[in-house]
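S.K.: Got a structure for you, written out below as structure tokens; questions coming shortly.
The values are calculated or read from the model by the stated rules, or taken from the named source; none is laboratory data. None of the values given here were measured: they were computed from a predicted structure. All Cβ positions, glycine included, derive from the backbone under ideal geometry; neighbour counts span all protein chains shown.
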Amino acid sequence: MQFLGTQIVSYPLLYQIKQFWPHCHLRVVAQDAVGKHYLILPWVEAFTQADTLSEVYRAMDGDADLVIALHFASDKYGIAAMLKRPRYRLGFKNQRVTDVVWTHAYRKDFSQYMGLANLRLLAAFKDFDPAQAARKCVQALATGAETSVAEVVLMPGGGAGDYKRWPIQHYVALADLLKPALPPQSTFCFVLGPDEAEQYRWLQSLERTDFVYLMTRPLNDIATAVLSAKVVVANDCGPSHLAQFAGVPYVGVFHQSNREWFWTRDTSLDVVPSDGTTEIKNVTPSQVFEACQRLLSN
């Protein structure tokens, strides 16, 4: 299954809603046909695809006590909430006309990690620790997994295009740099999706006994892998957010700095090209190795 970052960054929020209100009926409304990404979660009862204002209005249950609007670039969710008037209306303030609709709000900051911003929005209504909630979400997803443990997890995905993909050859070079710094017999787990079929075939052709693969595996297997890892290295891809939520040592490789998709904290470092370009291939394995060493030494 292909996991998309825009959906995954909402998972800790959905988890925390169910911790606050375990018996609530939780419906996700989205403009695209992404229901499969939400209905696999144990916290979501229903999904509705709604694009137009009238569709969004109809999708909002008239008996709902709480509506949370994560979409910050359209007024239609605020207008629908104003017309339906649930008791509590949560949304981002983003200098829009409908900012006045929200009973509880959080100012949108495009330099803040999106997954954290979603949690801070809920915390404006009921206080909790966002980092703890994010990690517990990953722990809950890991239940029932059947994956083996690897010291290093590598995520070379990037469904948005090659500009987000650090070359697979660089990942292999990084593994070779890391091996002397790890215990003997350490393994490297590659997390791959349907867009990485070519890279998967190439990796298999290497016949490396220290490489293991999670190819199009379910969320619980990926969650278990990141929780067990000494360090995770990833492109800007959907599964990378599970590693960031888990709070494990994490190195993000980007073509340019992007704080909206990177959780800046003590356990994480981002690496971008040092030559002034936005070519992700110009990030060297040595740069990423040095970032890994810094995190592993803490």
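S.K.: Is there a residue in the stretch 72-85 that is touching a strand residue (DSSP E or B) at 6+ places or on another chain (Cβ under 7 Å), surrounded by fewer than 16 Cβ atoms within 10 Å (Cβ to Cβ) and under 29 Å from residue 242 (Cβ atoms)?
M.R.: No, the stretch 72-85 has no match at all.
Residues are listed down the side, and each one gets a yes or a no for (1) farther than 26 Å from residue 272 by Cα; (2) in a strand (DSSP E or B):
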| residue | (1), (2) |
| --- | --- |
| 178 | no, no |
| 184 | yes, no |
| 191 | no, yes |
| 204 | yes, no |
| 212 | yes, yes |
| 217 | yes, no |
| 220 | yes, no |
| 224 | yes, no |
| 236 | no, no |
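S.K.: Applying the selection to the stretch 10-60, what residues are in contact with a Leu (Cβ under 9 Å, 6 or more places away or on another chain), among the hydrophobic types (A, V, I, L, M, F, W, C) and assigned to a loop (DSSP other than H, G, I, E, B)?
M.R.: 21, 24, 26, 34, 40, 41, 43, 44, 60
S.K.: If you don't mind, another one. Inspect all residues belonging to the stretch 41-64 and state whether any of them is closer than 30 Å to residue 265 by Cα and hydroxyl-bearing (Ser, Thr, Tyr).
M.R.: Checking the stretch 41-64: not a single residue is closer than 30 Å to residue 265 by Cα and hydroxyl-bearing (Ser, Thr, Tyr).
S.K.: A further question on this structure: Based on what the data block shows, is residue 171 in contact with a Phe, Trp or Tyr (Cβ under 8 Å, 6 or more places away or on another chain), assigned to a strand (DSSP E or B) and either of a type in the set (Ser, Thr, Tyr) or modelled with pLDDT under 95 (or both)?
M.R.: No.
S.K.: Scan the stretch 216-233 and tell me whether some residue there is crowded, with 18+ Cβ neighbours inside 10 Å, closer than 25 Å to residue 11 by Cβ, acidic (Asp, Glu) and in contact with a helix residue (DSSP H, G or I) (Cβ under 9 Å, 6 or more places away or on another chain).
M.R.: Among the residues of the stretch 216-233, not one is crowded, with 18+ Cβ neighbours inside 10 Å, closer than 25 Å to residue 11 by Cβ, acidic (Asp, Glu) and in contact with a helix residue (DSSP H, G or I) (Cβ under 9 Å, 6 or more places away or on another chain), which makes the answer no.
S.K.: Next question. Considering only the stretch 27-45, I want to know if a residue exists there that is touching a His at 6+ places or on another chain (Cβ under 6 Å) and crowded, with 19+ Cβ neighbours inside 10 Å.
M.R.: Checked against the condition, which is being touching a His at 6+ places or on another chain (Cβ under 6 Å) and crowded, with 19+ Cβ neighbours inside 10 Å, the stretch 27-45 yields no hits at all.
S.K.: A further question on this structure: Is it the case that residue 195 is within 18 Å of the chain's Cα centre (by Cα), within 21 Å of residue 8 (Cβ to Cβ) and at pLDDT below 95?
M.R.: yes
S.K.: Go through the stretch 261-278 and count every residue that is touching a residue at least 40 places away in the same chain (Cβ under 8 Å) and not polar (S, T, N, Q).
M.R.: 4
S.K.: Next up: Could you tell me which residue of the stretch 163-175 is surrounded by the most Cβ atoms within 10 Å (Cβ to Cβ), considering only residues that are within 20 Å of residue 200 (Cβ to Cβ) and touching a residue at least 60 places away in the same chain (Cβ under 8 Å)? Can you show your working first?
M.R.: Initial filter on the stretch 163-175 (within 20 Å of residue 200 (Cβ to Cβ)): 164-175.
Checking which are touching a residue at least 60 places away in the same chain (Cβ under 8 Å) leaves us with 164-167, 170-171, 173-174.
Numbers: 164: 18, 165: 23, 166: 26, 167: 15, 170: 20, 171: 24, 173: 16, 174: 24.
My answer is 166.
S.K.: Taking the condition of being over 13 Å from residue 232 (Cβ atoms) and touching a residue at least 40 places away in the same chain (Cβ under 8 Å), how many residues in the stretch 150-161 meet it?
M.R.: Within the stretch 150-161, residues that are over 13 Å from residue 232 (Cβ atoms) and touching a residue at least 40 places away in the same chain (Cβ under 8 Å) number 3.
S.K.: Working only within the stretch 257-275, note down all residues that are basic (Lys, Arg) and assigned to a loop (DSSP other than H, G, I, E, B).
M.R.: Residue satisfying the conditions is 265 alone.
S.K.: I'd like the full set of residues that are of a type in the set (Val, Ile, Thr) and either in contact with a strand residue (DSSP E or B) (Cβ under 8 Å, 6 or more places away or on another chain) or modelled with pLDDT of 95 or more (or both), limited to the stretch 1-33.
M.R.: Selection gives 8, 9, 17, 28, 29.
S.K.: Those residues that are crowded, with 16+ Cβ neighbours inside 10 Å and either modelled with pLDDT under 95 or over 29 Å from residue 137 (Cα atoms) (or both), I need them from the stretch 198-209; list them, please.
M.R.: 199, 203
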